[in-house]
Amino acid sequence: MSASQTPATPADREAADWFVRLSATSVSTEALHDFFEWRKTPENAAAYKRQEQNWDRFARLKGDPEIDAMLSEVGQRKPRTGPSGRLVLSGIVALLIAGLGVGVYWQLNAASTYETQVGEQRSVQLADGSVVRLDTNSRIRVKLSGAERQIDLLEGQALFEVAHDTRRPFRVHADAMTVTALGTVFDVRLDGENARVVLVQGKVKVEAPGGSDQVLLPNQTARTSGQGPKTQPIDAAVATSWAEGRLTFSNTPLQAAVAEVNRYLTDKIEIDAPGAAQTPISGVFRAGDRAAFVSAASDVFDLEAVAQPGGAIKLVPRRTKNP
């Protein structure tokens with residue numbers, strides 16, 4: 001084993017503990033504030049930098065039998081809880097620091113999963129400084145290592161603001177599509193077996209089976225297909241307006257608009273109006289505001305909203321009143 005035996009300082013131990021805390025499934029605003037305050041101290045900032053520098057070395061140590069044996073032993077220990085209810089990790093961190101060097105404890109961090117329920121949106125700050133905005137009914141799995149930053153979009157949609165780090169590529173996997181970015185903002189959506197990426201700023205590479213890789217520029221989108229990713233122009237501001245709580249439709253067929261609105265609703269909108277289903281609708285609506293959308297669609301297309309058992313609303317052609 002070639003790991004460094006450099007003694008860890010108290011700041012190193014605190015930095016390791018911060019890495020563990022920031023990689024938790026949920027990190028409070030108060031915790032983030034405390035972290036930034038802690039990092040203002042030069043000694044602490046240097047310790048945190050050493051953690052980052054050790055990521056590359058840690059990637060090369062993966063698979064070392066001594067490391068695997070130690071981590072297996074640690075993994076069999078029952079975690080203890082301190083007076084404040086926070087998991088006591090100092091002993092584990094100290095063991096790893098003493099034996100293997102500051103960065104090796106990262107092997108303990110299994111992939112973290114973040115999700116939202118129907119109608120919910122959530123912002124997540126990752127340990128590398130990147131920010132992920134999750135849309136309604138979405139789920140991602142995050143794993144950060146010394147070699148790369150890997151995100152699996154398991155369901156729904158997410159907007160990524162990627163922190164620049166040339167040493168560790170940031171990759172998002174959505175079904176068969178892989179999006180690789182460095183210091184950029186992009187949106188990825190998964191609909192069943194189809195994936196779509198929209199580039200807001202920067203540059204990304206899109207890989208998918210069946211075709212050559214594509215490099216997107218701002219206001220371009222790519223979708224998976226049997227012939228590889230297909231690139232098209234798109235208004236990125238419109239496509240990502242959901243991140244600001246707005247749904248923007250521009251000449252969108254009513255049926256498709258209803259489907260989009262329903263993503264944010266537990267009590268859905270149904271439509272039984274063949275004459276209006278494919279007619280375009282344009283407008284901006286607050287995500288989750290069923291009443292406003294139903295009212296607008298009813299007025300524009302001369303439809304009637306009929307309450308259904310279980311809470312749904314059905315849009316049907318307005319009945320002609322008898323004279």
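The values are calculated or read from the model by the stated rules, or taken from the named source; none is laboratory data. Quick caveat, the model's predicted, so the values are computed rather than measured. When we count neighbours, we look across all protein chains shown, and the Cβ atoms used for this are built from the backbone with ideal geometry, even at glycine.
Of the residues D128, D135, the single one that is out of contact with any Cys (no Cβ under 7 Å at 6 or more places or on another chain), within 17 Å of S241 (Cα to Cα) and among the acidic types (D, E) is D135. Looking at V261, V316, just one residue is assigned to a helix (DSSP H, G or I), in contact with a Leu (Cβ under 7 Å, 6 or more places away or on another chain) and modelled with pLDDT of 95 or more, and that residue is V261. Considering only residues in region 270-292 that are part of a strand (DSSP E or B) and in contact with a Phe, Trp or Tyr (Cβ under 7 Å, 6 or more places away or on another chain), the one that is modelled with the highest pLDDT turns out to be F285.
Taking strands (runs of 3 or more DSSP E) as the structural unit, those lying wholly within region 137-208 and holding at least 1 residues that are among the aromatic types (F, W, Y) correspond to 149-161, 170-174, 185-191. Scanning region 192-213 for any residue that is within 18 Å of the chain's Cα centre (by Cα), modelled with pLDDT under 90 and at positive phi turns up at least one such residue.
So which of T178, T166, T136, T184 ends up being over 10 Å from the mean Cα position of the chain (by Cα) and at pLDDT 95 or above? Break it down stepwise before answering.
Numbers: T178 fails: at pLDDT 95 or above; T166 fails: at pLDDT 95 or above; T184 fails: at pLDDT 95 or above.
So the residue among T178, T166, T136, T184 that is over 10 Å from the mean Cα position of the chain (by Cα) and at pLDDT 95 or above is T136.
In region 294-314, which residues are touching a strand residue (DSSP E or B) at 6+ places or on another chain (Cβ under 7 Å) and in contact (Cβ under 8 Å) with a residue 40 or more places away in the chain? Correct list: A297, A312, I313, K314.
With respect to the conditions (1) touching a residue at least 40 places away in the same chain (Cβ under 8 Å); (2) among the polar types (S, T, N, Q); (3) crowded, with 17+ Cβ neighbours inside 10 Å; (4) not assigned by TED's automatic domain parsing to the domain that holds Q150, T224 lacks only one, and its number is (4).
From the list G283, G275, which residue is loosely packed, with under 12 Cβ neighbours inside 10 Å, touching a residue at least 12 places away in the same chain (Cβ under 8 Å) and outside the structural domain of A158 (by TED's automatic domain parsing)? Please lay out each step first, then the result.
On the way: G283 fails: loosely packed, with under 12 Cβ neighbours inside 10 Å.
Criteria check complete, one pass: G275.
Scan region 242-249 and tell me whether some residue there is over 20 Å from L144 (Cα atoms), aromatic (F, W, Y), at pLDDT 90 or above and part of a strand (DSSP E or B). Outline the logic, then answer.
Within region 242-249, the first condition is being over 20 Å from L144 (Cα atoms), and the residues that meet it are 242-249.
In the following step, the residues that additionally are aromatic (F, W, Y) were identified as 242, 249.
With the extra rule that they be at pLDDT 90 or above, the set shrinks to 242, 249.
Within this subset, residues satisfying the condition of being part of a strand (DSSP E or B) are 249.
Scanning region 242-249, I find at least one residue that is over 20 Å from L144 (Cα atoms), aromatic (F, W, Y), at pLDDT 90 or above and part of a strand (DSSP E or B), so the answer is yes.
For L217, the stated conditions hold: it is assigned by TED's automatic domain parsing to the domain that holds F186, among the hydrophobic types (A, V, I, L, M, F, W, C) and within 27 Å of the chain's Cα centre (by Cα).
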